[in-house]
Structures are given as C-alpha cells and as structure tokens.
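The values are calculated or read from the model by the stated rules, or taken from the named source; none is laboratory data. Treat the numbers as computed from the prediction; the structure is a model and nothing was measured. Cβ atoms come from the backbone with ideal geometry, glycine included; neighbour counts cover every protein chain shown.
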Amino acid sequence: MIAGMSAAPRPVAKAQVSDAIASGLHRAIKAAGGKGACADRMEVDPKTLNRQLSGESTLDATNMLAMLSVDRTSMNDALALYGLIATPKTAQAANDMELLASLTGAGAEMVRRLLDGLLCHKDKAALAELFRPLIPAMQAIVDEHDKRVAA
C-alpha cells in the first residue's frame, strides 16, 4: 500500500460497484461514438455491454480495464467508491493555451451554474464532463515541474 493511502473502511455493495461501472461505460460509449464502436474498441460483443448496462452482469476485470482504452476516466466512478482515481502513468504534455481556454470556459460555466447559489446534481454532472478531460492536462504540468525539480 502507498504511504498515506488507506483502503475503503468496508467493502462496497456489488450493486453500487455495478452502477459505477455502468456510469463509466456510458462515458466510454459516448467517447467511442456509440455502443457498437465501443464494443469494437474493447474487443467484446455488444451484448456484453448491454448486460453491464442492464445490471444483468458485471464486466470481468479484463473488460473493465479494456474500457480504459476507450475513455481513460471510465473506471474513476468505481475507483472513487474506494477513494481512488485512475491517472495516466505518464501524462501528455499540455498545450498551455488550449488548457487555459478550456479552464476559463469551465470556470465560466461553473459561475453561470452558481448564479442561483448552489450546484445541484445536474450542475455537478455537467461540470464533471467539462473538468474530467482537464485533469490529465493539469497533471502533466505538475509532472513536468516535478521532473525538473528532481533532476
């Protein structure tokens, strides 16, 4: 175990894990451009995806990891149940201007959604879609700095 990290205090219910995996699978399907394209990229039968989405069964570990080849954030909902998140071992260098434009746009959207004084679950879902792809780009800047300081 990594120093400072602790396991979840108790096992998470299977239904909760299955729902979290289905949430990530929905993102992977959207990223792939549809269920068929997602199944092709994961190298599984579309019926396998349907069974996960319907709650009939849960993807095996190999197929869960294959979701990462479609959307690098697809397992984060399930991992979050245990206080974890998947991050790239080596993040791609960020395009600074593109990142700044995206951060500015996401910040403006957050301000717009806060005009009523609170963020409801719909606001948070919309913001999560905006913020999720920015995290690896920001992490790349941190990684570049850490490498320079360590050298």
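Taken as a whole, the structure places GLU144 among residues that are of a type in the set (D, E, K, R) and at pLDDT below 85. Residue check: PRO136 meets all listed conditions (1) assigned to a helix (DSSP H, G or I); (2) modelled with pLDDT under 85; (3) farther than 30 Å from GLN52 by Cβ but one, namely (3).
Looking at the stretch 140-149, is at least one residue touching a residue at least 12 places away in the same chain (Cβ under 8 Å), among the aliphatic types (A, V, I, L, M) and over 18 Å from ASN76 (Cβ atoms)? The answer is yes, given that some residue of the stretch 140-149 is touching a residue at least 12 places away in the same chain (Cβ under 8 Å), among the aliphatic types (A, V, I, L, M) and over 18 Å from ASN76 (Cβ atoms). Checking each residue in the stretch 99-151 for being under 18 Å from ASP71 (Cβ atoms) and of a type in the set (S, T, N, Q) picks out SER102, GLN139. Among the conditions (1) within 16 Å of GLU129 (Cα to Cα); (2) in contact (Cβ under 8 Å) with a residue 40 or more places away in the chain; (3) not in a loop (DSSP other than H, G, I, E, B), the only one that SER102 does not satisfy is (2). Confirm whether ALA125 is over 27 Å from ALA22 (Cα atoms), at pLDDT below 95 and out of contact with any Leu (no Cβ under 8 Å at 6 or more places or on another chain). Against the criterion (over 27 Å from ALA22 (Cα atoms), at pLDDT below 95 and out of contact with any Leu (no Cβ under 8 Å at 6 or more places or on another chain)), ALA125 does not qualify. Considering only residues in the stretch 87-111 that are hydrophobic (A, V, I, L, M, F, W, C) and surrounded by fewer than 15 Cβ atoms within 10 Å (Cβ to Cβ), the one that is modelled with the lowest pLDDT turns out to be ALA93. Taken together, the residues in the stretch 69-90 that are among the charged types (D, E, K, R), within 11 Å of the chain's Cα centre (by Cα) and over 15 Å from LEU59 (Cβ atoms) amount to 1. When the stretch 42-63 is filtered for residues that are of a type in the set (A, V, I, L, M, F, W, C), in a helix (DSSP H, G or I) and farther than 13 Å from GLY24 by Cα, the ones remaining, listed by number, are MET42, ALA61. Scanning the stretch 45-65 for residues that are farther than 15 Å from ASP19 by Cβ and either of a type in the set (Asp, Glu) or at pLDDT below 90 (or both) yields ASP45, ASP60.
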